[in-house]
Amino acid sequence: MKRSLILIPVLLVLVGGGIYFYFHWKYSSINRWSFVPQSSIMVFQPTQWAQLLSGDEERKILKNLKSLPELKQIGESLDSLDSLVGGGFSVNRTIEANDLLISVHQGSKEALANLYILEVSALKKHDFLAQVVKYLKDVEGFSETQRVYEGYTITEFNKAGTRIAYIFYRNYLIFSFTPFLVDDAIRSLEKGKQNPYTKNLAIESTSQQTPVGEGRLYVNMPELQKFIHHFVDPVDVKGSNLELITDLIHMDLNIGNDDISFNGFSYIDTAKVNYLSSFIGVKSAGFEMKNVIPDHSGLVIHASFDDVRKWHAGLKEYWREHQPSQLTRLGEIENRYRFDVDKFYDFVGGEIGLFVLESKRNLDREKIFCIRHKDVIRAENYMEELARDSNPDTTFYHETYANRRIGEILLDELPGRIFGDVFDGFETSYYFVNRDFVFIGNTQHALEVLIDDIDTEDTWRKSIKTFNFLESTNDDANLSVYIKSAGLWSLIGQTLNSHWSQYIEEHKSVMKQLEYGVLQFTAVDNKFYTNLHISHPGKLMEAQKPQKLASQGEVNFEHVLSSKPFAVKNHNDRTLEMMVQDSSHQLSLISSTNEVVLKIPLKGQIASPIYQVDYYKNGKLQYLFATDHQVHIIDRTGTYIPGYPQKVKTSEKVKFLSLIDYDNSKNYRIMVAAEKGFYYMTNKAGKELKGWNPLKLKNEPAMGGQHLRVKTNDYMIFLQEDGIAYGLQRNAEPRKGFPIDLKASITSPLHIERGATPQTTELAAMTSNGELVVFNLLGEITRKKQLLKGSPNENFELVSSNDGENFVVVRNKEDKVEFFDEDLEPMFIIDSESQQLTYQFYSFSEDNKIIIVVDQQNSSANLYRMDGTRLNKEAIPTNQQMAMLYHEAKEEFELFVSSGRSFKRLKLKR
């Protein structure tokens with residue numbers, strides 16, 4: 001009995017000690033991360049979060065972002081909180097570095113919600129929070145209630161639909177504007193559920209370190225994936241597979257004046273296969289592809305590898321685990337089209353890339369897939385063999401453009417079948433091979449544009465602003481996604497659901513200032529160095545007010561200038577020069593330094609644009625133009641090419657001159673459209689061509705003849721003022737489906753949007769009755785749309801942009817002018833009683849388009865953005881149309897103006 005009595009206190013001590021040590025262990029191991037729920041999408045661990053959001057922040061990129069209403073409201077609240085709480089308290093001084101975690105979660109279906117976890121060990125922090133509570137009740141008028149959940153007392157403040165819930169637990173304050181997140185935090189603590197961040201040992205170790213810069217961001221990719229699906233439009237975009245790229249990411253945040261950088265690591269679960277797993281043990285081969293990426297590419301996806309076989313084997317492992325249908329797609333071309341993957345590996349170098357070109361339509365309109373090759377002969381032979389095998393029943397299609405041979409592979413989704421569905425968007429494939437790369441386009445036109453861009457050095461490597469951004473990126477990354485957002489925000493808006501699409505549209509002026517972005521992954525052992533860089537290289541664009549014009553130079557003439565300035569290139573130094581004609585018919589060449597370097601006396605007024613031709617194919621350029629009855633070709637010394645000037649064999653005046661180059665080979669054709677519907681066409685030496693000496697069409701020409709080549713088919717397109725559109729062959733024989741009667745008179749040219757086939761090539765005409773008629777090269781009218789004509793005096797014009805990609809419609813009324821977009825949706829209205837208005841439309845990028853209105857009656861011109869805001873503060877004195885450039889690096893426009901007896905070069909800030 002005595003022994004039993006002795007054992008009882010011993011057992012009590014042991015049990016009590018066990019309980020004590022259990023609870024001591026349990027609660028001593030609690031830290032801020034213990035409250036983070038499993039549903040966390042990301043966690044931000046800031047250093048000076050209040051300073052980032054306060055109103056006195058001067059960094060340009062933050063000032064821009066804080067004009068978004070949500071961030072602006074937070075900043076204003078923090079500023080007023082500091083001023084109203086008083087007593088020497090400050091949000092900045094009270095909440096120190098590493099005190100706070102902000103866990104981001106899905107709130108309502110289309111919104112994010114934050115859970116704030118704050119360590120409040122110091123007495124001053126408790127005092128400050130007491131002041132905040134007093135401020136909410138006494139100043140803001142919140143009501144206070146309490147409820148108990150799982151034994152914890154949750155305090156809630158309510159006011160007009162705004163709810164704030166919080167608990168104090170030990171030295172931690174947990175609060176949220178979404179009360180259920182506080183409940184989630186309690187469940188995480190009580191049930192000891194590990195969140196994704198503390199499960200990962202590397203992440204857990206990092207989470208205990210003090211962040212550098214502005215803070216540290218942790219991203220839970222599976223939860224991010226779930227949220228993404230709530231704001232993309234499932235009709236337009238396939239569900240992304242972000243959770244399959246990697247598992248967790250942590251990155252330190254650094255903010256400069258004009259850029260935001262995140263740098264850290266991505267971690268993959270080695271027990272399962274992720275997309276990044278394919279790059280383990282694969283080194284980068286660099287980023288030579290930047291030399292050929294067109295500067296108007298809005299999105300580029302780039303992969304770099306030193307061993308294509310090893311990387312592709314890793315891709316197949318990923319597909320086997322997550323996308324077995326992808327292996328089936330690859331197998332189809334191996335079996336049906338004799339696609340030999342080993343021979344393919346033999347010529348593939350160290351890079352592949354996808355270029356999505358800026359477009360007004362959608363993300364899938366024009367794409368180029370690029371492969372860096374090791375051997376041009378092997379690459380050419382392989383692609384031609386694949387093209388022949390893809391359709392053995394027809395002749396191998398190829399077309400020459402600018403001395404490059406473009407072939408067609410009749411095989412759907414070739415890049416996507418080989419490298420995965422991220423590279424889809426190629427219903428058919430056109431290709432050409434140059435010294436270093438194989439290019440595959442989803443349209444022939446995309447490749448022709450690429451060839452022109454490479455020849456004119458309009459590439460990422462040659463763009464000053466783009467190259468400066470690339471200098472801040474990592475050329476040695478294995479996987480990179482680049483965004484050049486000038487035209488991408490409008491396209492992204494099309495991929496989101498209506499709520500987020502409207503948000504992007506409302507705040508596009510803020511978004512589009514973030515001009516560049518890149519996300520990159522570089523293999524380092526079993527993890528990936530990860531960097532995200534966002535750049536705001538330009539000036540801060542706030543309220544867009546009319547700007548004052550600045551003079552860049554002036555040249556005075558003896559006689560009044562009678563033509564607009566025509567931009568021409570100096571083939572010696574590649575500088576831009578201008579040609580103008582005066583009332584004495586003298587044509588003058590003005591250098592880039594505002595000096596008259598050539599005077600050419602003519603016998604009449606120029607009746608056409610001034611084209612430049614490389615007549616001898618030696619890189620030296622000549623000037624081609626027409627006067628009332630002659631065609632001229634003159635070199636830059638003022639000497640005529642032999643056989644010129646050529647007299648047009650009609651007594652009727654020349655109305656239009658067209659320069660035609662069927663395949664960009666410089667074997668030019670020159671077409672003249674004269675009054676009363678006479679059309680003449682010669683070769684560049686002036687020899688008349690069969691069927692064109694002349695071709696007679698009824699009524700007056702409404703535009704110069706246009707040539708279109710779609711695949712192997714040539715179309716000569718004509719539009720007459722009586723509303724008859726003609727489509728002819730090169731020998732002047734009619735094309736099937738033409739002519740088309742548009743049922744009304746027409747005074748403005750067609751807008752032509754070239755497609756991959758005759759059926760998808762669209763031609764738009766605006767009739768005098770206000771009807772927009774769109775037809776294709778098969779002669780089929782594909783759609784019509786009508787604007788109301790309020791009075792007989794109203795007239796309509798279709799104005800194409802300088803790059804031929806866009807158009808606007810103008811309705812001229814007695815006292816005002818209305819502008820409409822391509823869908824005939826209203827854009828803006830200006831007041832004007834002038835009956836002599838002409839219009840120009842310049843498109844420099846998707847977010848930089850300018851409409852010029854020239855009032856010839858009052859000799860004044862004004863420039864307008866697409867929302868109707870005026871660029872220039874004072875009217876420009878001219879009765880002629882002008883030439884215009886945009887200098888991206890300087891963010892300014894340059895205007896070339898004929899003004900009375902003066903040629904003026906003006907500058908205007910964007």
Of all residues in segment 823-865, count the ones that are farther than 25 Å from Ser899 by Cβ and without any contact (Cβ under 8 Å) to a residue 40 or more places away in the chain.
4
Can you find a residue that is of a type in the set (Ser, Thr, Tyr) and modelled with pLDDT of 95 or more anywhere in segment 818-835?
no
Considering only residues of segment 862-895 that are charged (D, E, K, R) and in a loop (DSSP other than H, G, I, E, B), which is farthest from the chain's Cα centre (by Cα)?
Glu874
Residues being touching a strand residue (DSSP E or B) at 6+ places or on another chain (Cβ under 8 Å), of a type outside the set (Phe, Trp, Tyr) and free of Cβ contacts under 8 Å to residues at least 60 places away in the same chain: count how many of those fall in segment 705-729.
15
Anything in segment 599-629 that is out of contact with any Leu (no Cβ under 9 Å at 6 or more places or on another chain) and either of a type in the set (Phe, Trp, Tyr) or buried (at least 18 other Cβ atoms within 10 Å of the Cβ) (or both)? List them, or say none.
Tyr616, Leu621, Gln622, His629
Looking at segment 477-502, which of the residues that are of a type outside the set (Gly, Ala, Ser) and at pLDDT below 65 is nearest to Ser297 (Cα to Cα)?
Leu488
Any idea which residue in segment 442-462 is surrounded by the fewest Cβ atoms within 10 Å (Cβ to Cβ), counting only those that are under 17 Å from Val356 (Cβ atoms) and of a type in the set (Ser, Thr, Tyr)?
Thr459
Go through Val524, Val510 for me and flag whichever is modelled with pLDDT of 90 or more and aliphatic (A, V, I, L, M).
Val524
Step by step: first the residues of segment 549-577, then only those that are hydrophobic (A, V, I, L, M, F, W, C) and part of a strand (DSSP E or B), then the one that is surrounded by the most Cβ atoms within 10 Å (Cβ to Cβ). Which residue is that?
Leu561
Hey, Lys711 exposed (fewer than 15 other Cβ atoms within 10 Å of the Cβ) and in contact with a Ser or Thr (Cβ under 8 Å, 6 or more places away or on another chain) or not:
yes
Being of a type in the set (Val, Ile, Thr), at negative phi, surrounded by 17 or more Cβ atoms within 10 Å (Cβ to Cβ) and in contact with a Lys or Arg (Cβ under 9 Å, 6 or more places away or on another chain), is that true of even one residue in segment 647-658?
no
Only one of these is farther than 28 Å from Phe844 by Cβ, part of a strand (DSSP E or B) and of a type in the set (A, V, I, L, M, F, W, C): Phe775, Phe738, Phe796. Name it.
Phe775
Ile301 fails exactly one of the following numbered conditions: (1) closer than 29 Å to Lys60 by Cα; (2) at pLDDT below 90; (3) touching a Leu at 6+ places or on another chain (Cβ under 6 Å); (4) surrounded by fewer than 20 Cβ atoms within 10 Å (Cβ to Cβ). What is the number of that condition?
(2)
Yes or no: Ile752 over 28 Å from the mean Cα position of the chain (by Cα), in contact (Cβ under 8 Å) with a residue 24 or more places away in the chain and farther than 27 Å from Arg870 by Cα?
no
Could you look through segment 584-598, keep only residues that are crowded, with 16+ Cβ neighbours inside 10 Å and among the aliphatic types (A, V, I, L, M), and pick out the one that is nearest to Pro645 (Cα to Cα)?
Leu587
Counting only residues in segment 755-767 that are crowded, with 19+ Cβ neighbours inside 10 Å and modelled with pLDDT under 95, the one farthest from Glu700 (Cα to Cα) is identified as Ala756
Take segment 867-893 and flag every residue that is in contact (Cβ under 8 Å) with a residue 60 or more places away in the chain, farther than 22 Å from Asp582 by Cα and surrounded by 15 or more Cβ atoms within 10 Å (Cβ to Cβ).
Arg870, Leu871, Asn872, Glu888, Glu891
Filter segment 699-731 for residues that are in contact with a helix residue (DSSP H, G or I) (Cβ under 8 Å, 6 or more places away or on another chain), over 17 Å from Thr760 (Cβ atoms) and outside any strand (DSSP E or B) and give the result.
Asn699, Glu700
Being over 23 Å from Ser745 (Cα atoms), among the polar types (S, T, N, Q) and more than 31 Å from the chain's Cα centre (by Cα) narrows Ser834, Ser898 down to just Ser898
Of the listed residues (Tyr401, Tyr345), the one being at pLDDT below 95, under 27 Å from Gly298 (Cα atoms) and among the aromatic types (Phe, Trp, Tyr) is Tyr401
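The values are calculated or read from the model by the stated rules, or taken from the named source; none is laboratory data. Just so we're clear, the structure is a prediction, and the values are computed from it rather than from any experiment. Counting neighbours? That spans all protein chains shown, and the Cβs are built from the backbone with ideal geometry, glycine included.
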